[in-house]
1. Which one of these is open to solvent by 20 Å² or more (accessible area, probe 1.4 Å), farther than 22 Å from H102 by Cβ, assigned to a helix (DSSP H, G or I) and in contact (Cβ under 8 Å) with a residue 12 or more places away in the chain: E33, E13?
2. Mind telling me which of the residues R246, R200 ends up being open to solvent by 80 Å² or more (accessible area, probe 1.4 Å) and either among the hydrophobic types (A, V, I, L, M, F, W, C) or touching a residue at least 40 places away in the same chain (Cβ under 8 Å) (or both)?
3. Could you please find all residues in region 36-50 being open to solvent by 30 Å² or more (accessible area, probe 1.4 Å) and either at positive phi or touching a helix residue (DSSP H, G or I) at 6+ places or on another chain (Cβ under 6 Å) (or both)?
4. Filter region 121-180 down to the residues that are open to solvent by less than 20 Å² (accessible area, probe 1.4 Å) and of a type in the set (S, T, Y), then identify the one that is nearest to P240 (Cα to Cα).
5. Within region 56-71, can you find the residues that are open to solvent by 10 Å² or more (accessible area, probe 1.4 Å), farther than 12 Å from R29 by Cα and assigned to a loop (DSSP other than H, G, I, E, B)?
6. Test L94 against the stated conditions and say whether it is open to solvent by 30 Å² or more (accessible area, probe 1.4 Å), in contact with a helix residue (DSSP H, G or I) (Cβ under 8 Å, 6 or more places away or on another chain) and not in a loop (DSSP other than H, G, I, E, B).
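The values are calculated or read from the model by the stated rules, or taken from the named source; none is laboratory data. Note that the structure is a prediction, hence the values are computed from the model and not measured. FYI the Cβ positions are ideal-geometry reconstructions off the backbone, even for glycines, and counts take in every protein chain you see. Keep in mind that these areas ignore ligands, DNA and RNA; they rest on the heavy atoms of the full protein, side chains included. Shrake-Rupley method; radii C 1.70, N 1.55, O 1.52, S 1.80 Å.
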Amino acid sequence: MTDISQHNREIHENRVAWEKKPALRRIYRGFYEEIAAALPKGVQGLTVELGSGMGNIKEVLPKCITSDLFPNPWLDRVENAYALSFGPQTVANLILFDVWHHLQYPGAALREFRRVLAPGGVVVLFEPSMGLLGRSVYGMFHHEPLGLGKSIDWEIPENFDPTNQTYYAAQGNCWRLAREYMPKPAGERPAVLAGWEVERVKYFPALSYLLSGGFRGPQLYPDVALPALRAVEKALAPLPALTAARMLVVLRPKG
C-alpha cells in the first residue's frame with residue numbers, strides 16, 4: 001500500500017504545473033464557479049473545503065475555509081474527513097473537489113458530514129465522471145485506478161485509525177454513487193446512504209481539461225483555443241453517458 005503522504009507529494013508537484021499552465025488555471029476557475037453556483041442560499045454556517053490541496057477555491061469563494069490532511073502554509077487548517085473538528089450543525093456547505101474518490105470508507109465520512117451540517121446544508125462533490133470519454137481517458141492515461149469493478153467498503157472496520165490512513169483511489173466511485181447506488185429505493189441502498197438524497201447532478205465533457213494534460217501531461221492545444229473547446233463542450237454536454245469526464249453532485253441529508 002502507498003503511504004498517505006503521496007497526496008502531499010502530489011500537491012507540491014501540482015503547484016509547479018499550476019504556475020506553468022494558464023489554461024488549466026482558467027479551467028479550474030470555471031469548475032469552482034460551478035461549485036459556487038450549486039451552494040444553497042440563506043443557510044447559516046461555514047463553507048468548508050476538505051482536501052483543498054493548493055487552496056485555489058478561494059479565488060472564487062474567498063470566505064471558504066480550506067483544509068487538508070497536511071499542514072501546508074497556504075491552507076487554513078488541518079482536517080480529517082473521518083474526524084472533523086467542527087461542532088454539530090456548524091457547516092452550511094462541505095465541498096470535496098477530487099476527494100470523494102480517495103475516501104476508502106465513504107460511509108464513515110458521510111456520518112461525520114451529517115453531524116456537522118447545519119439544517120439545509122449540503123455536501124458538494126466535484127469528481128471524475130465515467131462517461132465513455134472519461135472512462136477511456138482516465139483508464140488509459142491517469143495513474144489512479146477507476147475501481148469500477150471493485151466493491152466499495154462503505155462501513156469503517158473496527159481497527160481503522162483515521163490518523164493512520166493509506167493512499168486509496170477509485171476514480172469511478174462518484175459515478176457509481178450517482179448512477180448505481182442512489183437511484184435505488186432507500187431500503188436497497190447501503191444503510192448509510194438511506195438518509196441522503198441527491199439534489200443535483202451535472203455532467204461536463206471537460207474536453208478542455210482532458211486536452212490540457214491536467215497537472216501531469218502536456219497541453220495539446222494553444223491557450224487561444226480554449227473558448228472554442230468550451231463551445232464544443234456545450235454541444236456534447238447533453239450526452240453524458242458518452243461524453244462525461246467530470247461531474248458535480250450535490251448531496252443533502254434527508255430531514
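1. E33
2. When all the criteria are applied, what remains is R200.
3. G42, G45
4. Residue satisfying both the conditions and the ranking: S129.
5. Answer for region 56-71, where residues must be open to solvent by 10 Å² or more (accessible area, probe 1.4 Å), farther than 12 Å from R29 by Cα and assigned to a loop (DSSP other than H, G, I, E, B): P62, K63, L69, F70, P71.
6. No; evaluated as a whole, the condition is false for this residue.
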